[in-house]
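The structure appears below as structure tokens.
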Amino acid sequence: MPHDDHAHSLLPSEPALRVKALETLLTRKGLIDPAALDTIIDTYAHKVGPRNGAAVVARAWTDPAFRDRLLSDGTSAVAEMGFTGRQGEHVTAVENTEDTHNMVVCTLCSCYPWSLLGIPPGWYKSDAYRARAVREPRGVLAEFGVTLPHSTKVRVWDSTAEIRYLVIPRRPNGTEGWSPEDLATLVTRDSMIGCGEARRP
Amino acid sequence: MPHDDHAHSLLPSEPALRVKALETLLTRKGLIDPAALDTIIDTYAHKVGPRNGAAVVARAWTDPAFRDRLLSDGTSAVAEMGFTGRQGEHVTAVENTEDTHNMVVCTLCSCYPWSLLGIPPGWYKSDAYRARAVREPRGVLAEFGVTLPHSTKVRVWDSTAEIRYLVIPRRPNGTEGWSPEDLATLVTRDSMIGCGEARRP
Amino acid sequence: MTRIHDMGGRFGDGPVTPEPEGARVFAEAWHARALALTLASGSLGQWTLDRSRHARERLAPADYATFTYYEKWVAALTDLLVETETITRAELEGGETALSPLAGKRLASDTVPDVLSKGAPTDRRGPPPAFAVGDAVATRRPPRNDRITGGHTRLPAYASGHIGNVIASHGSHVFPDTNAHALGEGPEPLYTVAFSARDLWGPDATQGDEVMLDLWQSYLKPA
Amino acid sequence: MTRIHDMGGRFGDGPVTPEPEGARVFAEAWHARALALTLASGSLGQWTLDRSRHARERLAPADYATFTYYEKWVAALTDLLVETETITRAELEGGETALSPLAGKRLASDTVPDVLSKGAPTDRRGPPPAFAVGDAVATRRPPRNDRITGGHTRLPAYASGHIGNVIASHGSHVFPDTNAHALGEGPEPLYTVAFSARDLWGPDATQGDEVMLDLWQSYLKPA
């Protein structure tokens, strides 16, 4: 798109105006502090996002004792690294192997491990993903460019309660001796949802 | 609404224009004869409608041998009266009694006995009716002003195949000796779907 | 659910709004044209009734949920016309057009009464029925077309995986699951099966109330 | 299905469209405001998270099927604000307004980091678990809230009436079916149950693939 084009009209969209009107009303009633909204937005726009999960994964790849703690009690293990809070109160980590590929969905709404991955991407919240991930995970994976052999079993985790699932993707070959910080750069958001693999070095 | 108001703008609606465009294209290609459309419309607007079903019901009320034939082989019995054809190829009649109230729906689309009742009313085709009639028939009946005692069993017929169901409502009291023609005036469309009762004299 | 159309038992829809007995058959003139256009196009013989039902079911869920009734018909009709190459996308978009090779099959006005009053019965010779009136049967779970993934089927989700009793046997009828997909009429025994409303919906349903469905033999197994 | 939101397994949706890893968290500025407004309003304590989920599920099916994600959030938020009398319809329509008695509970900017990083765990003391890891269990059919007709429940229709195996036991957690309806937290044992994909979907699924769900004890019985 040329730099002088706008993706949308400059006229605010109808939902944008409605949200603004609601915010104004709630502010007038003393129910909302707009500065608090700014802080919430800043948190999820800049502070809490997939880099958290990537740090967890990279540490699990390099620290076997941590990996064991993560798999046996995900909530405590990620809390060690300071990752706690909203939509991450109860964490279970599931590990991809040659035999098993894990994939996460919430068919009933869009539950997602915010404390580790931030706000879910649009596709995770889409009807198509919610409807299809449980029924045809391999078809969905193909749309992400991932093809698994039939010998790899697919386990789809439908997040129907407050347990939030983090997928530990397979560590790429050729990364022996890498630091956790360098490894974390290979860990994509999609790989921690189970819709992708970690980047190759 | 004052007589000089229009229910809708005089500007044709978008679907109206699209239907018109499709008709024009099909006519140009020689696939459609607009006069045939007129004949189809005239058939269902003026000729085939609930008066057919009402005549069947009134005869069943007054002619015990016909009633027996209607209940044992609905298709043949209504064919005797000249009611055959599209969306009425296979007819089953079900009779309301003090013990049993029958009600018809098509949850998957809007199957309906056209040859006997014509084109279904809007509510029959609505999501609300399709979704609710099977689960809470008594709640739906209440919206039609019909309240049944708990001792009356409700049987809902979901028209999932090409069998079309005709409900024979209960004959109103006080109609002894009435002619079939007079009785037919008491038989409403809704009563033959099972969402109403016959009119009282 | 199988698809968005399979809404039996769904919560969240509002009240049913009765209409006066004398209300117009077609609320809008275009509704009548849409219906007639669909019937006349169907008589060209390029698709089956089952396929036309499936074409409506296949509409995008957001369209199915918001289109009015006849908008669904016209949208599905257009899809069918293009899929069967009866018309082309270019023609739809206003491009040049020519007489169709199917023009000879055009429904003539004077044959309409005959065609409508003849209808298209779906009873056929078929295999002997495996079940008798009175038999207990269990419906297939999940509800699915077992020949075509995501294909047309007439077992609603709400009645899938339940046990009912055969109350009528209708001989064999054209099988929608094949007939909608050009796999032939594949006639199968058809039954009416009665289910306890309590079984289907739980204790909110009134004891003794029943729901009846017409189900083909391959949807059923002995219970 | 229970409601329109219960779409697991539905056919008819298109492909999933991946997004670049670096895509903006909020595609539109108003998305961010909608999310923040929902979180800040929730912290007033007038409803539970379960009730807010139910408020989204209760949107009219046509709205649910066509609203964008954050439109659903804002529509449900508005419904909750009015239902709890936190705001009035008249205020929404632009009428006069006054300071709310709940103003003292307003989420302050400086407490946001604390509130978000604390979260709201849902594990509770509760009854001892009736099932152990390895047990076979059958899920409730139909899927329903057995206290409130049409109420909130977290058993998806596709997994209802199936047999699976308990693979994890999580102690007791707040029970959404009561907590969404002001019937208390009613903690119940929560399990992760594994189902064979073939059982759920039929032979189109790959042998050995599984679907796991987190399910509360009252959704389950011994199999």
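The values are calculated or read from the model by the stated rules, or taken from the named source; none is laboratory data. Only a predicted model underlies this, so the values are computations on that prediction, with no experimental measurement involved. Here the Cβ is made from the backbone with ideal geometry for all residues, glycine too, and neighbour counts use every protein chain on show.
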Within the stretch A:39-58, which residues are within 7 Å of chain D (Cβ to nearest Cβ) and either touching a Pro at 6+ places or on another chain (Cβ under 8 Å) or among the charged types (D, E, K, R) (or both)?
A:Thr39, A:Thr43
Residues (of a type in the set (D, E, K, R), within 7 Å of chain A (Cβ to nearest Cβ) and part of a strand (DSSP E or B)) located in the stretch D:194-223
D:Glu210, D:Asp214
What number of residues within the stretch A:131-147 satisfy the criterion of being touching a residue at least 12 places away in the same chain (Cβ under 8 Å), over 18 Å from the mean Cα position of the chain (by Cα) and surrounded by 19 or more Cβ atoms within 10 Å (Cβ to Cβ)?
1
From the option list D:Gly184, D:Gly208, D:Gly171, D:Gly134, single residue qualifying as surrounded by fewer than 17 Cβ atoms within 10 Å (Cβ to Cβ) and touching a helix residue (DSSP H, G or I) at 6+ places or on another chain (Cβ under 6 Å) is D:Gly184
Name the single residue that is surrounded by the fewest Cβ atoms within 10 Å (Cβ to Cβ) among those in the stretch C:41-56 being at the interface with chain B (Cβ under 8 Å from one of its Cβ atoms) and within 18 Å of the chain's Cα centre (by Cα).
C:Arg53
Go through the residues of the stretch D:153-167 one by one and say whether even a single one is outside the structural domain of D:Ala36 (by TED's automatic domain parsing), crowded, with 18+ Cβ neighbours inside 10 Å, part of a helix (DSSP H, G or I) and touching a strand residue (DSSP E or B) at 6+ places or on another chain (Cβ under 7 Å).
yes
Hey, can you tell me all the residues within the stretch D:191-223 that are among the hydrophobic types (A, V, I, L, M, F, W, C) and either in contact with an Asp or Glu (Cβ under 6 Å, 6 or more places away or on another chain) or within 23 Å of D:Arg10 (Cβ to Cβ) (or both)?
D:Val193, D:Ala194, D:Phe195, D:Ala197, D:Leu200, D:Trp201, D:Ala205, D:Val211, D:Met212, D:Leu213, D:Leu215, D:Trp216
In the stretch B:147-168, what residues are more than 21 Å from C:Leu155 (Cα to Cα) and touching a Phe, Trp or Tyr at 6+ places or on another chain (Cβ under 9 Å)?
B:Val167, B:Ile168
Could you figure out which of (1) touching a helix residue (DSSP H, G or I) at 6+ places or on another chain (Cβ under 8 Å); (2) crowded, with 23+ Cβ neighbours inside 10 Å; (3) within 13 Å of C:Tyr69 (Cα to Cα); (4) facing chain C (nearest Cβ under 7 Å) isn't true of B:Trp123?
(2)
Please go through the stretch C:57-67 and give me each residue that is in contact with a helix residue (DSSP H, G or I) (Cβ under 7 Å, 6 or more places away or on another chain) and either more than 22 Å from C:Asn179 (Cβ to Cβ) or surrounded by fewer than 20 Cβ atoms within 10 Å (Cβ to Cβ) (or both), ordered by number.
C:Pro61, C:Ala62, C:Asp63, C:Ala65, C:Thr66, C:Phe67
Check whether at least one residue in the stretch A:165-180 is out of contact with any Pro (no Cβ under 9 Å at 6 or more places or on another chain), part of a helix (DSSP H, G or I) and more than 19 Å from D:Thr17 (Cα to Cα), and report yes or no.
yes
With (1) under 27 Å from the mean Cα position of the chain (by Cα); (2) within 9 Å of chain D (Cβ to nearest Cβ); (3) among the small types (Gly, Ala, Ser); (4) farther than 30 Å from D:Ala197 by Cα as the list, and A:Ser13 as the residue in question, which single condition is left unmet?
(1)
Can you spot a residue in the stretch B:112-126 that is closer than 30 Å to D:Pro143 by Cα and basic (Lys, Arg)?
yes
Taking the stretch C:74-117 and keeping residues among the small types (Gly, Ala, Ser) and not in a loop (DSSP other than H, G, I, E, B) leaves C:Ala75, C:Ala76, C:Ala90, C:Ala103, C:Gly104, C:Ser109, C:Ser117
Evaluate the following for A:Ala128: is it closer than 24 Å to D:Val16 by Cα, within 9 Å of chain D (Cβ to nearest Cβ) and buried (at least 22 other Cβ atoms within 10 Å of the Cβ)?
no
Taking into account only those residues within the stretch D:1-38 that are small (Gly, Ala, Ser) and assigned to a loop (DSSP other than H, G, I, E, B), which is farthest from the other protein chains (Cβ to nearest Cβ)?
D:Gly22
Name the pairs whose Cβ atoms lie under 6 Å apart, with the first residue in the stretch B:179-201 and surrounded by 14 or more Cβ atoms within 10 Å (Cβ to Cβ), the second of a type in the set (Asp, Glu) and modelled with pLDDT of 95 or more, and 6 or more positions between them or separate chains?
B:Ser191/B:Glu197; B:Gly196/B:Asp190
Taking the residues in the stretch A:60-88 that are surrounded by 15 or more Cβ atoms within 10 Å (Cβ to Cβ) and farther than 23 Å from D:Ala168 by Cβ as candidates, determine which candidate is farthest from the chain's Cα centre (by Cα).
A:Thr62
Please work out which residue is nearest to A:Ala35 (Cα to Cα), limiting yourself to the stretch D:99-118 and to residues that are surrounded by fewer than 13 Cβ atoms within 10 Å (Cβ to Cβ) and more than 7 Å from chain A (Cβ to nearest Cβ).
D:Asp110
